[in-house]
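The values are calculated or read from the model by the stated rules, or taken from the named source; none is laboratory data. What you see is a predicted model, and the numbers here were worked out from it, not measured in a lab. Methodologically, a virtual Cβ is constructed for each residue, glycine included, from the backbone with ideal geometry; neighbour enumeration extends over all protein chains shown. Calculation scope for accessible area: heavy atoms of the full protein, side chains included, ligands and nucleic acids excluded. Shrake-Rupley method; radii C 1.70, N 1.55, O 1.52, S 1.80 Å.
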Amino acid sequence: MFRTLVSLLSLATVTAAAPIDLRLPTENHHLFTGEMDRFYMYVDRNFEGQQTKPWEAGSFGLVRTAIRVNGEVLLTKFHEGIDISPVKRDKAGNPLDLVSSIADGRVVYVSPIAGRSNYGKYVVIEHSWENSQIISLYAHLAEITAKPGDEVKAGSVIGRMGYTGAGIDRTRAHCHLEIGMLMSSRYMEWHQQFGGGTNYHGLFNGMNICGADAARFFLDHKANPELQFSQYIASTPVYFKVAVPAKETPPEFVKRYPWIVKGDTQGAASWEISFSATGLPLAFERSQRDVTVPVVTSVRPSTVPQRYMTRNLISGEGNKATLTNGGRQLVSLLTDDFPHTP
């Protein structure tokens with residue numbers, strides 16, 4: 001019930017969160033020196049006959065697949081993590097960098113078979129920040145030295161950098177890092193209805209983790225070591241909002257992340273969810289808007305079609321938009337609004 005959620009929120013506001021001991025996962029600290037071309041691993045790009053190796057394509061967001069729309073060059077492919085370059089290689093060019101946990105936590109999943117995901121070999125760690133479940137994911141590893149259930153500290157080694165996974169060779173070896181939130185504990189059911197292929201990874205399939213900009217979090221945290229993840233999320237610009245019908249009980253997502261709820265929760269006819277341009281949920285707010293299906297209620301105006309600005313989560317032009325099929329599926333996963341399967 002909403003009353004239960006209010007109690008959870010009250011408890012969260014009374015208990016002060018401890019500062020996070022946050023560390024980069026490898027010895028590459030060029031993010032903090034501003035040498036981005038030495039921090040990020042580039043991606044080969046061939047656009048309109050010009051071959052380039054932009055380091056920007058290793059950063060977070062809509063940073064890949066250039067197209068020209070109405071004379072304007074847009075990057076339309078979403079990269080949910082950051083790709084960190086190696087600083088040590090052997091004579092054959094293999095990376096030697098060790099990969100470690102970014103903070104205290106517990107290993108909740110290990111994928112040791114490279115061919116089962118574009119991530120290659122990867123590790124997932126759960127961090128209890130502000131009594132909520134924050135996820136970090138470390139991909140393309142050559143070797144994994146951690147196992148599920150391991151308690152780790154900030155800086156604990158969990159593996160070695162590599163180039164496992166699709167589309168990566170030894171030259172472009174890197175550690176792909178994601179920091180985000182778990183979308184749904186019913187992901188396996190959602191995947192049966194909407195996902196493609198076999199889900200080998202249970203809840204820790206990458207599609208069930210909504211990623212934030214890890215690099216910006218590191219930089220903001222370095223500037224303010226007291227910064228909490230909830231404050232970082234709240235500082236992320238809102239791109240569009242969606243109203244969804246309110247059920248008798250609040251979505252499981254807001255129970256897992258109670259700090260994402262803004263304002264009073266009682267008497268809501270619907271929830272209005274704020275999203276970043278990449279589809280990261282930023283806030284849930286009570287709304288008196290009466291809706292029967294998810295509806296886009298506001299969007300940042302754009303001079304180009306909105307699908308290019310939001311990885312095709314919404315469509316439309318100017319300040320008008322509707323959810324695409326992909327957008328509806330994202331909202332359904334976030335709100336557990338899909339049928340139960342046996």
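Take the residues in region 280-311 that are under 18 Å from Cys210 (Cβ atoms), in contact (Cβ under 8 Å) with a residue 40 or more places away in the chain and within 20 Å of the chain's Cα centre (by Cα); name whichever of them is surrounded by the most Cβ atoms within 10 Å (Cβ to Cβ).
If we take residues in region 280-311 being under 18 Å from Cys210 (Cβ atoms), in contact (Cβ under 8 Å) with a residue 40 or more places away in the chain and within 20 Å of the chain's Cα centre (by Cα), then Thr310 is surrounded by the most Cβ atoms within 10 Å (Cβ to Cβ).
Please identify the pairs in which a residue from region 262-279 that is over 16 Å from Asn312 (Cα atoms) and open to solvent by less than 10 Å² (accessible area, probe 1.4 Å) has its Cβ atom under 7 Å from the Cβ atom of a residue that is in a strand (DSSP E or B) and β-branched (Val, Ile, Thr), counting only partners at least 6 apart or on another chain.
The qualifying pairs are Ser270/Val244; Trp271/Val244; Ile273/Val242; Ile273/Val244.
Among the residues that make up region 183-198, is at least one of them in contact with a strand residue (DSSP E or B) (Cβ under 7 Å, 6 or more places away or on another chain) and modelled with pLDDT of 95 or more?
Yes, some residue in region 183-198 is in contact with a strand residue (DSSP E or B) (Cβ under 7 Å, 6 or more places away or on another chain) and modelled with pLDDT of 95 or more.
Does Val73 count as β-branched (Val, Ile, Thr) and under 16 Å from the mean Cα position of the chain (by Cα)?
Taking the combined requirement at face value, the residue does not satisfy it.
Which one of these is in contact with a Gly (Cβ under 6 Å, 6 or more places away or on another chain) and buried (at least 20 other Cβ atoms within 10 Å of the Cβ): Leu177, Leu137?
Only one candidate passes the filter, namely Leu177.
Within region 142-167, which residues are modelled with pLDDT of 95 or more, part of a loop (DSSP other than H, G, I, E, B) and of a type in the set (A, V, I, L, M, F, W, C)?
Ala146, Ala154
Suppose the filter is on the phi > 0 side of the Ramachandran plot, at pLDDT 95 or above, open to solvent by 30 Å² or more (accessible area, probe 1.4 Å) and more than 16 Å from the chain's Cα centre (by Cα); does Thr171 pass it?
Judged against the criteria, Thr171 is not a match.
Looking only at residues that are part of a loop (DSSP other than H, G, I, E, B) and surrounded by fewer than 13 Cβ atoms within 10 Å (Cβ to Cβ) in region 28-48, which one is nearest to the chain's Cα centre (by Cα)?
Checking each candidate, the answer is Phe32.
Quick one: Ala16 ticks every box in (1) assigned to a loop (DSSP other than H, G, I, E, B); (2) closer than 18 Å to Thr310 by Cα bar one, so which box is it?
Among (1) assigned to a loop (DSSP other than H, G, I, E, B); (2) closer than 18 Å to Thr310 by Cα, the lone unmet condition for Ala16 is (2).
Which condition number in (1) buried (at least 17 other Cβ atoms within 10 Å of the Cβ); (2) not in a strand (DSSP E or B) is the one that Val124 fails?
Here Val124 clears every test but (2).
Examine region 157-165 for a residue that is farther than 26 Å from Glu35 by Cα, in contact (Cβ under 8 Å) with a residue 60 or more places away in the chain and surrounded by 19 or more Cβ atoms within 10 Å (Cβ to Cβ), and state whether such a residue exists.
No, region 157-165 contains no residue that is farther than 26 Å from Glu35 by Cα, in contact (Cβ under 8 Å) with a residue 60 or more places away in the chain and surrounded by 19 or more Cβ atoms within 10 Å (Cβ to Cβ).
Residues to consider are Gly155, Gly115; find the one that is under 20 Å from Asn199 (Cβ atoms) and more than 20 Å from the chain's Cα centre (by Cα).
Of Gly155, Gly115, the one residue that is under 20 Å from Asn199 (Cβ atoms) and more than 20 Å from the chain's Cα centre (by Cα) is Gly115.
When you go through (1) at pLDDT below 95; (2) open to solvent by 20 Å² or more (accessible area, probe 1.4 Å) one by one for Phe204, which number turns out not to apply?
(1)
Only one of (1) at pLDDT 95 or above; (2) open to solvent by 50 Å² or more (accessible area, probe 1.4 Å); (3) within 15 Å of Ala103 (Cα to Cα) fails for Asn131. Which number is that?
(1)
Look through region 213-243, keep the residues that are part of a helix (DSSP H, G or I), open to solvent by 20 Å² or more (accessible area, probe 1.4 Å) and aliphatic (A, V, I, L, M), and return whichever of them is farthest from Leu62 (Cα to Cα).
Ala223
For Pro258, state whether it is under 16 Å from Thr335 (Cβ atoms), over 17 Å from the mean Cα position of the chain (by Cα) and surrounded by fewer than 20 Cβ atoms within 10 Å (Cβ to Cβ).
The answer is no for Pro258.
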